[in-house]
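Take a look at the structure below.
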Amino acid sequence: MTETSTTPKNISAKPSIASVSLNFEINEPAEEPSPPFSTTWREKPSDSLSSLDDNLFIDDDHTLGNYKNNDIEINENHFAKTDQELISTGNRSALNDRSEFLRRKIKEVDDQLQREELIESLVRIQMKLASMDEEEDFEMVNSKLVSGHKFIVRKGSSSSECETCHQIIWRIVKFYYYCKICNCCVHEGCLNKVNISCAALAIENEIKVEIKICPEIGLAKQKFKCAGCQTKLSFFGNDRCMPRLCDYSGFYFCHSCHWNNTTYIPARIIHNWDIREYPVSRYFYHYLNLLRKKPIFYLKDLNEDLKGLVGELDQIVKLREDLMDMKFYVITCKDALESKILLKLSARQHFVDDSDVYSLEDFIDVANDELLEFLIDVHSALAQHIKTDCARCRKKGEICCICREPEVLFPFDNLATQCKVCCAFMHKYCFARRKECPRCTT
C-alpha cells in the first residue's frame, strides 16, 4: 500500500517536529538552552536542534497531521455517572457541578427520606473535594517543575528506570519523583539533570502528528549531533555516541535520548496497516503514549482505501455508522438514560460523536480482533433496546413508504435505506425496483 498525499481534515500544511528539512547552520548551545523538543523548530536555531519558535522552514514534501484540541472536544455528555462513580473518577469539575445540583435539589425536595439521601450524597462529595484539596496542597508544596515536567514525590520503589541516569529505582530509595503528566520517574539526585521536556507540553494546545513514514533526513543535516541533547554522534568510540534512529521522527539520537523503546507508529498503521512496534526516542515514546487514546485520525481523509483492504475495518465502519443512528433514539429515551446503556461506550465516547474519527488505540484493537467484538456487543444491546425492549423507541420506527408492509424499519436495519432528501424509510429491495422516493416525486 502506498502513502497518500491527501491533506487530512483539520490538518494544515505546517510541518511537525519530524517534518522539517534542516537546511541551516547549527550553532553551539547557549549557556541556558531552552528545553529540548516542542511542537515546532527554529529556522536558524541559536541554541539546539530542538529550540522553539513560530517561524518555520516549511518543506512542501512533508505532510503534517495538525489537530487542534478544540476540533476533537467532546461536547455531548451521554454518560451520566452515579455519585459513587463521580467520586471514583476524581473529576473536580464534575464533582463541583454535582455538588451544586444536590444543593438546589435539597431545597426543592419536601420528602424527608429523599432529603436525607441527597444530604448524604452531598456530604460524600464534599469530603472527596476536601480530600482532593489536601492532596493538591501537598503536591503544591512538594512538587517540582523541571523542563515542563510536574514532578511529585512518590514513596517506595518503582519498576521504572530513572529518566536521567537510566538506573532502576530500587526499594531502598526512600522516595523518588514522578511526573504526573507523562509518567516518567527520576531519582531525587537526578531531578535537576532532566534535560528532556515533558511531552505533554507539545499537545497542550495543539496536537501534531507525523504522517510520513520515518522521514529520515540523515546525520549530515543534523551535523552529526543528537537531535535531543546535541551530543556529538559517531560510529566509533563508546556506545553512548552511536547514533540511533527514531522511526517516528526520522531523527538520530544518542543512547541517553534513545533507549530503544518500541511503540506503534501512526504513519505505518495508516498507510501500510503495519501493526508492529518500532524503536523511537525517549521523548517520542512518551509523546505517542500520550496520544494513544486521543481520537484525532480521520480515516476518510488520511487513507479511505484502508477499510476496503482490511476486512474487519469495513465492518467496523458500518457498525459505527449504525451507532450514530442509534444515538438519537437512546439519548431521547428516558428508560435508556436511566439504565445508562450508553455507559458501554464510555471508554470510546468519540464513537457516538463522529463515526469517522479514530484513535491510535482503536487501530491497534482492530488488528488484535478486539474492537469488532466490542462493537458487535454494543450494537446488539442498543438494537435490542430500541427494537424490542422499549415501547417508546419502537414507536419511532416507520414502515416502508413503497410497499407499506407493517414491518417497522429503523435506519440501522440491514434491510432498510433512508431517503437523503426527505428521510423516508424504505426496504432496500423496494427502492432498488422503484429507483426513486415516492414522497419526493409526489
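A short reminder: the numbers here are calculations on the coordinates, not readings from a lab. Just so we're clear, the structure is a prediction, and the values are computed from it rather than from any experiment. Heads up, the Cβs are rebuilt from the backbone with ideal geometry, glycines too, and the neighbour counts pull from every protein chain shown.
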For the ranges 288-298, 374-384, what's the packing order if you count other beta-carbon atoms within 10 Å of each residue, average per peptide, and put the highest first? 288-298, 374-384
When the dipole is taken about the Cα centre of segment 282-334, and only Lys, Arg (+1) and Asp, Glu (-1) are charged at their Cβ, what size is it in debye, to the nearest 20? 460 debye
Let me spell out the model: positive unit charges on the Cβ of Lys and Arg, negative unit charges on the Cβ of Asp and Glu, origin at the Cα centre of segment 305-394. What dipole size does that give, in debye rounded to 20? 620 debye
Please state the charge dipole magnitude for segment 375-442, taken about the Cα centre, from unit charges on C-beta atoms (+1 on K and R, -1 on D and E), reported in debye and rounded to the nearest 20. 280 debye
Could you order peptides 340-352, 87-99, 207-219 by the average number of other Cβ atoms within 10 Å of their residues, highest first? 207-219, 340-352, 87-99
For segment 351-442, just run the numbers: alpha carbon Rg, then divide by 2.2 N^0.38 Å, N being how many residues it has. 1.35
Treating only the Cα positions of segment 305-394 as identical point scatterers, give the base-10 log of I(q)/I(0) from the Debye formula at each q in 0.11, 0.21, 0.24, 0.26 Å⁻¹. -0.31, -1.00, -1.23, -1.40
Among SER359, LEU343, LEU375 - extreme Cα towards positive end, dipole of segment 305-394, charges at beta-carbon: LEU343
